[in-house]
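Participant: Right, I'll just put the structure down here and ask away after.
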Amino acid sequence: MSAHPVYLDAATAAPLHPVARQALLAALDDGWADPARLYSRARRAAQLLDAAREATAGTLGVRPDEVSFTPSGTHAAHSAVLGGLAGRQRTGDTLVHSAIEHSAVLHAAQRHVATGGTAISVPVDRLGRLDLTAWSAAVRSPGVALATLIGASHEVGTVQPVTGAADACATVGVPLHVDAAQLVGRVPVPDGWSVLTASAHKWGGPPGVGLLVVRKGTRWESPWPADEREFRRTPGVVNLPAVVAAAASLRAAAADAAAEAARLTPLVDLIRARVAAEVPDVEVVGDPVDRLPHLVTFSCLYVDGEVLLHALDRRGFAVSSGSSCTSSTLRPSHVLEAMGVLSHGNVRVSLHRETTTADVERFLAELPGIVADLRADAGVVGL
């Protein structure tokens, strides 16, 4: 293995931001008491929680009492979908979602259908962009209680037309949940949503903290057993040190987001161009323009994705393949399937604040040879 490992999987989890580390260590000393109690140490913990909530709300441009902290981004997504459906069950039992939602949202949809509900999956085009005409028709269907849309694809980076989707929902009075896990802390979140979710470890916060934001006036009902904490939206005591670290790192990441996007966009452009030019029989997928600044995905014909990942890992490159949340299965990514693009030998590269131009150059220098060797081992030659 290389002496200098290169981590290129920030879409799964970004390296811990230095601000998060400092805040976490400080809060471990100062924020371990239960903020719901009345003694002085608990009141100090409550102050820390209030400050974290206010900082997070300020970054997102919402009210503090609209923000709840959950045990993970997955928990937040489940809460958003199931709670949004529960709050509007008198209206109907239909959920509208795109075909490329994160597995957390799709699992919530499956639970809804298994208990008697209905779900409508809206297709995307070959670039991974939502079919807005089909979406508009779907949300106009009778009995639609909730619509849910990923803000940008976690697998291929295509930014979704959230504003157009929100306008279609608003026309018929359907609340919209936006899974903003790949947006928050990186790019501005479009307006028009009723419920928003995100995950701290995507922006450089610690794992185990999710955000659930429910706008005032939204008919939303917690799908969990009653608990007075976090505005009765999610049960259990929050991991306060992690929440403090998440809020601090979100503010820092958001402050640097525009500069980071300007720095990383040309690096992704470089990867897109060089991979297409230097690796035979490869398809670079996702929208080449309307995309996240830090993420690029490509698929290599005649190469097994898992074998390719192991080969890259041996050379010091940490990347992911297909859907990172379903990597235990041999089934191709549901996102790539929905787009109708090549899924063999799929590699997702996602950059972060510590990624350097030298890291990217080294990856691009070694990738063609690694792919060629694997194809030769598989008996595929002469490409």
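The values are calculated or read from the model by the stated rules, or taken from the named source; none is laboratory data. Just so we're clear, the structure is a prediction, and the values are computed from it rather than from any experiment. As a convention, Cβ positions derive from the backbone with ideal geometry for all residues, glycine included, and neighbour counts pool all protein chains shown. The protein model used for the area step is the full one, side chains on, heavy atoms only, and it has no ligands, DNA or RNA in it. Shrake-Rupley method; radii C 1.70, N 1.55, O 1.52, S 1.80 Å.
Participant: Please identify the pairs in which a residue from segment 215-243 that is within 22 Å of Val62 (Cα to Cα) and touching a residue at least 12 places away in the same chain (Cβ under 8 Å) has its Cβ atom under 6 Å from the Cβ atom of a residue that is hydroxyl-bearing (Ser, Thr, Tyr) and assigned to a loop (DSSP other than H, G, I, E, B), counting only partners at least 6 apart or on another chain.
Facilitator: Sorted first by the residue in segment 215-243, then by its partner, the pairs are Arg215/Ser194; Thr218/Ser194; Arg233/Ser222.
Participant: Go through (1) open to solvent by 10 Å² or more (accessible area, probe 1.4 Å); (2) touching a Ser or Thr at 6+ places or on another chain (Cβ under 9 Å); (3) within 20 Å of Ala99 (Cβ to Cβ) one by one and return the number of the condition Ala137 breaks.
Facilitator: Among (1) open to solvent by 10 Å² or more (accessible area, probe 1.4 Å); (2) touching a Ser or Thr at 6+ places or on another chain (Cβ under 9 Å); (3) within 20 Å of Ala99 (Cβ to Cβ), Ala137 violates only (2).
Participant: Follow-up. Confirm whether Val113 is closer than 14 Å to Gly92 by Cα and among the aliphatic types (A, V, I, L, M). It would help to see each step written out before you state the result.
Facilitator: Working: closer than 14 Å to Gly92 by Cα: yes; among the aliphatic types (A, V, I, L, M): yes.
Answer is yes for this residue.
Participant: Can you tell me which residue is modelled with the lowest pLDDT among those in segment 223-265 that are of a type in the set (S, T, N, Q) and over 17 Å from Leu48 (Cα atoms)? Working first, answer last.
Facilitator: As a first pass, look at segment 223-265 and keep what is of a type in the set (S, T, N, Q): 234, 239, 249, 265.
Those left that are additionally over 17 Å from Leu48 (Cα atoms): 234, 265.
On the way: Thr234: 94, Thr265: 98.
Top of the filtered list is Thr234.
Participant: For segment 237-247, give me each residue that is open to solvent by 30 Å² or more (accessible area, probe 1.4 Å) and touching a strand residue (DSSP E or B) at 6+ places or on another chain (Cβ under 9 Å).
Facilitator: Here is the first cut: in segment 237-247, the residues open to solvent by 30 Å² or more (accessible area, probe 1.4 Å) are 237, 239.
Matches in segment 237-247: Asn239 only.
Participant: Got a number for residues in segment 130-155 being over 17 Å from Ala76 (Cβ atoms) and in a loop (DSSP other than H, G, I, E, B)?
Facilitator: 7
Participant: Could you say which residue among Leu250, Leu264, Leu270 is touching a residue at least 60 places away in the same chain (Cβ under 8 Å), open to solvent by 30 Å² or more (accessible area, probe 1.4 Å) and either more than 20 Å from the chain's Cα centre (by Cα) or closer than 24 Å to Ala180 by Cβ (or both)?
Facilitator: On the way: Leu250 fails: open to solvent by 30 Å² or more (accessible area, probe 1.4 Å); Leu264 fails: open to solvent by 30 Å² or more (accessible area, probe 1.4 Å).
Going through Leu250, Leu264, Leu270 in turn, just one is touching a residue at least 60 places away in the same chain (Cβ under 8 Å), open to solvent by 30 Å² or more (accessible area, probe 1.4 Å) and either more than 20 Å from the chain's Cα centre (by Cα) or closer than 24 Å to Ala180 by Cβ (or both): Leu270.
Participant: Given the residues Leu176, Leu196, Leu211, which is the only one that is over 30 Å from Ala23 (Cβ atoms) and at pLDDT 95 or above? First the steps, then the outcome.
Facilitator: Numbers: Leu196 fails: over 30 Å from Ala23 (Cβ atoms); Leu211 fails: over 30 Å from Ala23 (Cβ atoms).
Being over 30 Å from Ala23 (Cβ atoms) and at pLDDT 95 or above holds for just one of Leu176, Leu196, Leu211, which is Leu176.
Participant: Just for strands (runs of 3 or more DSSP E) wholly inside segment 175-236: which have at least 3 residues that are more than 27 Å from Ala255 (Cβ to Cβ) and either open to solvent by 30 Å² or more (accessible area, probe 1.4 Å) or in contact with an Asp or Glu (Cβ under 8 Å, 6 or more places away or on another chain) (or both)?
Facilitator: Values: elements: 176-179, 195-199, 210-214.
Because the criterion is at least 3 residues that are more than 27 Å from Ala255 (Cβ to Cβ) and either open to solvent by 30 Å² or more (accessible area, probe 1.4 Å) or in contact with an Asp or Glu (Cβ under 8 Å, 6 or more places away or on another chain) (or both), no strands (runs of 3 or more DSSP E) in segment 175-236 meet it.
Participant: A further question on this structure: Provide a single number: the residues in segment 33-75 that are out of contact with any Gly (no Cβ under 8 Å at 6 or more places or on another chain), open to solvent by 40 Å² or more (accessible area, probe 1.4 Å), part of a helix (DSSP H, G or I) and of a type in the set (Lys, Arg).
Facilitator: The qualifying residues number 2.
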